[in-house]
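Remarks on the structure that follows.
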Amino acid sequence: GHWYAGNDKLIPVYEGGPEFAHTIDLVAWKGLTGPVEKDVVLVSACLGGCPTRYDGTARYDPAIARLARRNVLVFASPESLAGLPIPHLPSEIEPGRNGDHGVGGAAQGLPKIGDDGTEPYMRGSLQTLAVAKAVGARTAVLMDRSPACGPKNIHDGTFKGKVVPGRGVAATLLERNNIEVLTVEDITRLLED
């Protein structure tokens with residue numbers, strides 16, 4: 001029961017990798033799963049081992065495998081859902097701003113995000129929210145320091161490796177829609193008996 005989100009489709013993931021022949025659309029999800037016995041958790045695709053980071057790498061974390069024993073995981077990458085190529089240029093939200101700016105009615109408007117521009121990040125974040133809602137995820141475990149996923153920290157916008165408190169765009173949208181957003185470090189409590 002693990003899935004990779006690709007826009008309006010879900011691709012099942014097995015030990016050997018994704019199985020594209022059994023792809024379903026989000027509308028069919030409820031009919032396929034019926035009553036879900038396990039909670040559905042949205043997970044940053046890179047944490048699940050998918051090479052979706054800006055540089056084409058993954059950030060697999062063994063805690064995700066432990067989380068998978070108790071939950072149905074749906075892997076999503078806001079950047080991939082936005083259609084950004086992998087790899088792409090590194091992106092950071094402009095200095096002094098974060099995903100809270102411009103999401104959910106803030107007056108300032110969404111800040112500039114790297115050379116790829118703001119629009120793809122907003123589009124991919126909205127699609128990530130749509131996936132989370134479609135699969136009934138009440139929790140998301142996201143990659144920290146990402147301009148899209150960062151639940152607690154992001155880079156400061158100077159491209160010098162400095163990290164500051166703040167949320168990415170997708171993390172902000174998920175939280176504002178009552179989906180709990182956690183880092184890998186936070187999921188320890190989800191793994192307790």
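What follows draws every value from the coordinates through simple rules; no lab data is involved. It should be emphasised that the depicted structure is a prediction, and the values quoted were computed from it without experimental measurement. All Cβ positions, glycine included, derive from the backbone under ideal geometry; neighbour counts span all protein chains shown.
With the convex hull drawn around the C-alpha atoms of the stretch 153-193, the volume per residue stands at 76 Å³.
Electrostatic bookkeeping for Gly161 treats Lys and Arg as +1 and Asp and Glu as -1; over the other residues with beta carbon under 15 Å from its beta carbon, the sum is -1.
Residues in the stretch 149-159 carry Karplus couplings, in order, of 8, x, x, 10, 9, 9, 6, 7, x, 9, 6 Hz; the curve used is 6.51 cos²θ - 1.76 cosθ + 1.60 with θ = phi - 60°, and Gly or Pro positions show x. Here the 3J(HN,Hα) profile of the stretch 174-181, calculated from phi with Karplus coefficients 6.51, -1.76 and 1.60 at θ = phi - 60°, is 4, 4, 6, 10, 6, 10, 5, 10 Hz, Gly and Pro shown as x.
For Gly6, the amide hydrogen comes within under 5 Å of the amide hydrogens of Ile11, counting only partners 5 or more places away or on other chains and with H modelled in the peptide plane. Under a 5 Å amide H cut-off, with hydrogens placed 1.01 Å from N, Val141 pairs with Leu42, Val43, Ser44, Leu182 among residues at least 5 apart or on other chains. For Glu94, nonlocal amide neighbours, meaning residues 5 or more places apart or on other chains whose placed amide H falls under 5 Å from its own, are Lys112, Gly114. Backbone geometry of the stretch 87-98 corresponds, through the Karplus equation with coefficients 6.51, -1.76 and 1.60 at θ = phi - 60°, to 3J(HN,Hα) couplings of x, 9, 4, x, 10, 9, 6, 3, x, x, 10, 7 Hz, x marking Gly and Pro.
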